[in-house]
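Report on one structure; see the data block that follows.
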Amino acid sequence: MARQVKLFQGNEACAYGALYAGCSFFAGYPITPSTEVAEVMAKELPKRGGAFMQMEDEIASMAAIIGASLAGAKSMTATSGPGFSLKQENIGFAAIAEVPCVVVNVMRGGPSTGVPTGPGQSDIMQCRWGTHGDHPIITITPAYVQEIFSETVRAFNLAEKYRNPVIIAFDEIVGHMRERIEIPEPGELEVIDRKKPDVPPEEYFPYDSSKGDIPPMANFFEGYRYHVTGLNHDRTGFPINACELVHIEEERLLRKIYANRDDIVKNDEYMLDDAEVAVFAYGACGRSAREAVDMARKEGIKIGLLRPLTMWPFPDREVEALAERVKAIIVPELSLGQIILEVERCSKGKCRIDGIFRVDGEPISPFQILDKVKEVL
Amino acid sequence: MVKTAEKMVSTENDKVKITIIPRFCKGCEICVRLCPKSVLGMEMFKVKVVDVDKCIRCGQCELRCPDFAIFIEKKD
Amino acid sequence: MAYDYSRYLRNDKFPHIWCPGCTYGIVLKAIIRAIDKAGLKQDDTAIVSGIGCASRLPGYVDFNTLHTTHGRAIAFATGIKMVKPDKNVLVITGDGDATAIGGNHFIHACRRNIDITVVVFNNYIYGMTGGQYSPTTPTGAVATTMPYGNVDPQFNILELAKGAGATFIARGTAYHAAGIDNLVVEAIKHKGLSVVEIINACPTTYGRRNKFKSPTDMLLWMKDHFLPVTAFEKLPPEKTAGKLPMGILYREEKPEYTEMYYSMVKRVQEGGK
């Protein structure tokens, strides 16, 4: 059966990607510009026997998807800045309790109510550090409707594989625009499920990392009665007070992600081999940057694009290697400069870093990027 | 009989056996004061059977103990 | 008589952390007796709690247990129940956990009438954090954040639940411990959102500051201030002033949320609109 071709909105592709990945529980709360994700889920989950809940607020939505995941369902919520802020405490709970789940943040102008219908990328640091405490987090940053579909499947796979909350962050432009999409056929994209215990209940410890940093996960009601808490805990799942084991377990939680960064980090590298100047951009800015590269090349100007599809863990090595090869890295952002801080940190002064910041509700255009390139050359 | 690995101290007569788990008792005195027959008392902040023969096996001590530290067994 | 609780307990976790004279252990025992009487299978039961003294209970009992964030237990439990509607889901929560920070989730779960049994341990104070006043702390009572006597009006938790749509409302007290079993059994059997408020005593952060010389005096206060609803309704107002009824206060059969949701799913899957 050939792939179905559709004209999908970004938010729509996200919902269908989640369904493709096996998501059977969605809890959300209406908020521009992400509501369409919930609307598609409300329509599609009942057809598949899945559960859709519009909860009373975003905190409840985040709590519900963690409960659902513990009960065995792949689960997702979707929101935007204000709701994303409300969800932070429970995202931290999912991180310490190592509960797989996916949180979509369709970013709009911030802070506060901001520009609800305008694009924004000023939540990107919140995706990493939004909740308190050291915690493992993964953030996926797609830019094309087709890509949102497959990257949502990847997000679920990473959540299940690493027993971790995964954030998918794309701005309002990408979320609301419609594009041609070829729907992958069942079985075409890999779908990963959480690793189940290979021991009987009486030998099971929910957070046993003796065989590897990622403990197998039993679901509730499968005969593996165990305890889950947000308190720091040992392999049994029961609380431990301040002690060396807290330090060891916290390091394990981070190691889950950072020791496996090569499996998680993913970049779209476009015409970088001979580039004299590079652009580091994602989401809507990633799209403009790609256009700018094509336009520059037509004028004989050698520039390329490094577009991260995984923002957290950050592509540190790739940025450093790039900084050694190019004169400058241009960082367009729909914020007043956030991810540029990471680019600067990782390039270690090995090349010039220039930002293009825009928060007036309009996207950064390819021309703006091209002008900046000419400026630095 | 309650299965536990805890050390237990029992006092009994032909009608009842009162068993105390000293490690669990936190000395709150609820059982002592709510026992209708003053069967129980305190010693070094722990419950102790003062006079088992006064016990009418009503079970108020076991019912009201917050710490699983005392229970009684009727002997019929 | 010696009731063997050990089958339902995580025995290696004892003695528990609750203070000397805290009545939570009494209520824990009653809840276990109720679960046993209701015949719930441990594998098929999840017990969810928020944050606070009462919310430590799940750690002591051998079920699928989940100790969540402050005020959010009911929202976590909703996710569990929606995915596994045939399983038993209980929530253990405190007066602050349920009706202060958790108030929004509490009333919406009541409104939905989802089949979850919510047991609210009401000890009139935030005990875990050292005795701040809560939405149920009596007027004039002393708390660390109301050192001159509480002026904050109180919730009646059960009126709140009933007004929001809960279809099973009951109240018990730690003093009337034997009476708790039946309330919890009926709440568990009830198809819908059941709220069982259990009046409890916190000697450490409430009793000491409010003229209760001992835990037993707090229990005796319960004995004098709560009457079975049958008796309560027959007495004239002057006899019941300052007192409250206990027992099953309200019960109504109304469509249960997961049943409504999954019958809609069935309709949709059968091609209905």
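Laboratory data are not the source of any read-out in this text; all were calculated from the coordinates shown. Bear in mind that the values here come from a model prediction, so they are computed numbers and not experimental data. Here Cβ is always computed from backbone atoms with ideal geometry, including for glycine, and neighbour counts include all displayed protein chains.
What do you get for GluC sites (Glu not before Pro) in the stretch A:125-188 restricted to DSSP loop and a cutoff of at most 13 other Cβ within 10 Å of the site's Cβ?
Qualifying residues, ordered by number: A:Glu188.
Points 7 angstrom from Cα along the Cβ direction at A:Lys374 and A:Asp273: gap in nanometres?
So the label points at A:Lys374 and A:Asp273 sit 2.8 nm apart.
Shielding of A:50-60 by partners, i.e. mean partner chain Cβ atoms within 10 Å per residue?
The per-residue average across the peptide is 6.
Counting pairs of alpha carbon atoms under 8 Å apart in space and at least six apart in sequence, what relative contact order in percent does the stretch C:5-269 give? Kindly include the intermediate steps, with their values, before the conclusion.
Numbers: 567 pairs, mean separation 49.7, N = 265.
For the stretch C:5-269, the relative contact order is 19 percent.
How long are the three semi-axes of the equivalent ellipsoid for the protein assembly as shown, computed from the Cα gyration tensor as the root of 5 times each eigenvalue, in whole Å, largest first?
56, 26, 24
Beyond 15 Å, what share of the Cα-Cα pairs of the stretch A:89-178 is found? Please give it as a whole percent.
Summing the P(r) tail past 15 Å for the stretch A:89-178 gives 58 percent.
Return the ratio Rg/(2.2 N^0.38 Å) for chain C, where Rg is computed over Cα atoms only. Kindly include the intermediate steps, with their values, before the conclusion.
On the way: Rg = 18.5 Å, N = 273, 2.2 N^0.38 = 18.5 Å.
Dividing the Cα Rg of chain C by 2.2 N^0.38 Å gives 1.00.
Once the Cα gyration tensor of the stretch A:134-233 is diagonalised, what are the square roots of 5 times its eigenvalues, in whole Å and ordered largest first, as equivalent ellipsoid semi-axes?
Here the semi-axes work out to 34, 17, 10 Å.
Taking the Cα centre of the stretch A:227-282 as the origin, how large is its charge dipole in debye, to the nearest 20, when only Lys and Arg (+1) and Asp and Glu (-1) carry charge on their Cβ atoms? Each step should come with its number before you reach the end.
Numbers: 6 positive and 12 negative charges, 102 e Å.
Dipole magnitude for the stretch A:227-282 comes out near 480 debye.
With springs only between Cα atoms under 10 Å apart, run a GNM on chain C and tell me which of C:Thr258, C:Thr69, C:Thr139 wobbles the most.
Judging by the Gaussian network model, the answer is C:Thr139.
Once you wrap a convex hull around the alpha carbon atoms of the stretch C:179-273, what is its projected area averaged over all directions, in nm²?
Orientation-averaged projected area of the Cα hull: 9.9 nm².
Please check: in the Gaussian network model of chain C (C-alpha springs, under 10 Å), which one of C:Met218, C:Met82, C:Met260 has the largest mean-square fluctuation.
C:Met260
Calculate how steeply helix C:24-38 sits against the longest principal axis of the alpha-carbon atoms of chain C, using the helix alpha-carbon long axis, and give the answer as 0 to 90 degrees to the nearest 10.
Value to nearest ten degrees: 30.
Return the Cα extents of chain A along principal axes one, two and three, sorted largest first, each rounded to a whole Å.
68, 48, 44
Determine Rg/Rh for the stretch A:316-377; Rg is computed over alpha-carbon atoms and Rh is the Kirkwood hydrodynamic estimate from the same atoms.
0.98
So what's the back-of-envelope 222 nm ellipticity for the protein assembly as shown, counting only DSSP H runs of four-plus at -39500 (n - 2.57) apiece and dividing by all residues, rounded to 500?
Result for the protein assembly as shown: -10500 deg cm²/dmol, rounded to the nearest 500.
Is there a simple number for the mean count of other chain Cβ atoms within 10 Å of the Cβ of residues in C:13-20, and what is it? Don't jump to the answer; show the numbers that get you there.
Values: counts 2, 8, 9, 5, 1, 3, 3, 9.
Partner Cβ neighbours, averaged per residue: 5.
Could you work out how far apart the two model spin labels at A:Arg261 and A:Arg345 are, taking each label as a point 7 Å from the Cα in the direction of the beta carbon, and quote it in nm?
Between A:Arg261 and A:Arg345, the simple spin-label model gives 1.0 nm.
Using only atoms on other chains, find how many Cβ atoms lie within 10 Å of each Cβ of peptide A:70-77 and report the average.
Other-chain Cβ atoms within 10 Å of each residue's Cβ, averaged: 4.
Whole percent per 10 Å bin, from 0 to the bin with the longest distance: what is P(r) over all C-alpha pairs of the stretch A:1-66?
22, 51, 22, 5, 0
Nearest 20 debye, what's the magnitude of the dipole of the stretch B:9-74 about its Cα centre given +1 on Lys and Arg Cβ and -1 on Asp and Glu Cβ?
Result for the stretch B:9-74 is approximately 120 debye, rounded to the nearest 20.
Principal axis extents for the stretch A:253-329, Cα atoms only, whole Å, descending order, please.
The principal-axis extents, from largest down, are 48, 26, 15 Å.
At 25 °C and a viscosity of 0.890 mPa s, what translational diffusion coefficient does Stokes-Einstein give for chain B, taking Rh as the Kirkwood radius over Cα pairs? Give it in µm²/s as a whole number.
For the chosen part, D equals 202 µm²/s.
Using +1 at the C-beta of Lys and Arg and -1 at the C-beta of Asp and Glu, which of A:Gly49, A:Val103, A:Gln4 has the Cα lying farthest in the positive direction of the dipole of chain A?
A:Gln4
What order do you get for C:Ile17, C:Ile199, A:Ile353 when you list them from fewest to most C-beta neighbours inside 10 Å?
Ascending number of Cβ neighbours within 10 Å: C:Ile17, A:Ile353, C:Ile199.
How many percent of the alpha carbon pairs in the stretch C:2-133 exceed a separation of 24 Å?
Considering the stretch C:2-133, 26 percent of its Cα-Cα pairs are separated by more than 24 Å.
Report, in debye and to the nearest 20, how large the dipole of chain A comes out about its Cα centre when Lys and Arg carry +1 and Asp and Glu carry -1 on their Cβ. All intermediate terms of the calculation are to be shown ahead of the outcome.
Working: 41 positive and 55 negative charges, 80 e Å.
Computed charge dipole of chain A: roughly 380 debye.
Could you list C:Met222, A:Met53 in order of exposure, starting from the residue whose Cβ has the fewest other Cβ atoms within 10 Å?
Going from sparsest to densest Cβ surroundings: C:Met222, A:Met53.
Run through the DSSP bridge list for the protein assembly as shown and note the antiparallel percent, rounded to the nearest 5.
That works out to approximately 35 percent antiparallel.
Apply the Kirkwood formula to the stretch A:4-183: the hydrodynamic radius equals the inverse of the mean of 1/r over all pairs of different alpha-carbon atoms; give it in Å with one decimal.
With all distinct Cα pairs of the stretch A:4-183 included, I get 15.5 Å.
Filter the GluC sites (Glu not before Pro) in the stretch A:271-359 down to the DSSP loop ones having no more than 11 other Cβ atoms within 10 Å, then list what survives.
A:Glu299
For A:Ser80, B:Ser10, C:Ser214, what ranking results if the residue with the fewest other Cβ atoms within 10 Å of its Cβ goes first?
Ascending number of Cβ neighbours within 10 Å: B:Ser10, C:Ser214, A:Ser80.
Helix A:244-258 sits at what angle to the longest principal axis of chain A, using alpha carbons and giving 0 to 90 degrees rounded to 10?
50 degrees
Using a cut-off of 9 Å between beta-carbons, work out the net charge of the residues near A:Lys6 (Lys and Arg +1, Asp and Glu -1, A:Lys6 not included).
Numbers: positive: A:Arg180; negative: A:Glu12, A:Glu182.
Around A:Lys6, the charge tally is -1.
How do the peptides C:43-50, C:163-170 rank, highest first, by the average count of neighbouring beta carbon atoms within 10 Å per residue?
Details: C:43-50: 24.5, C:163-170: 21.4.
Taking the mean over residues of other Cβ atoms within 10 Å, the ranking is C:43-50, C:163-170.
Quick one: which of C:176-184, A:229-237, A:199-207, C:113-121 comes out on top by average Cβ neighbours within 10 Å, and what's the full order, highest first?
Ranked by mean Cβ neighbours within 10 Å, highest first: C:113-121, C:176-184, A:229-237, A:199-207.
Applying the Karplus parametrisation 6.51 cos²θ - 1.76 cosθ + 1.60 with θ = phi - 60° to the phi angles of the stretch A:336-341, what ³J(HN,Hα) value in whole Hz is obtained for each residue in order, glycine and proline being reported as x?
9, x, 10, 5, 4, 5
Treating cross-link reach as a plain straight distance, find the lysines whose alpha-carbon is under 22 Å from the alpha-carbon of B:Lys74, omitting any fewer than eight places away in the same chain.
Output for B:Lys74: B:Lys3, B:Lys7, B:Lys15, B:Lys17, B:Lys37, B:Lys48, B:Lys54, C:Lys29, C:Lys37.
Loop only by DSSP, 11 or fewer other Cβ within 10 Å of the Cβ. Give me the GluC sites (Glu not before Pro) in the stretch C:218-267 that pass, ordered by residue number.
Of the GluC sites (Glu not before Pro), the ones in loops of the stretch C:218-267 whose Cβ has at most 11 other Cβ atoms within 10 Å are C:Glu253.
On the principal axes of its Cα set, how long, how wide and how thick is the stretch C:128-250? Give whole Å, largest value first.
Extents along the principal axes: 42, 28, 27 Å.
Over chain A, calculate the relative contact order: mean separation of alpha carbon pairs under 8 Å at least 6 apart, over the residue count, as a percent.
16 percent.
Could you list which residues have their amide H under 5 Å from that of A:Val115, counting only those 5 or more apart in sequence or on another chain, with H placed in the peptide plane?
A:Gly109, A:Gly110
Pairs of Cα atoms under 8 Å, at least six residues apart: use those to get the relative contact order of chain B, whole percent. Intermediate values should be presented prior to the final figure.
Values: 135 pairs, mean separation 26.5, N = 76.
For chain B, the relative contact order is 35 percent.
Taking 7 Å along the Cα-to-C-beta vector as the label spot, tell me the C:Arg267-A:Cys243 distance in nanometres, rounded to one decimal.
With each label placed 7 Å out from Cα toward Cβ, I get 5.5 nm.
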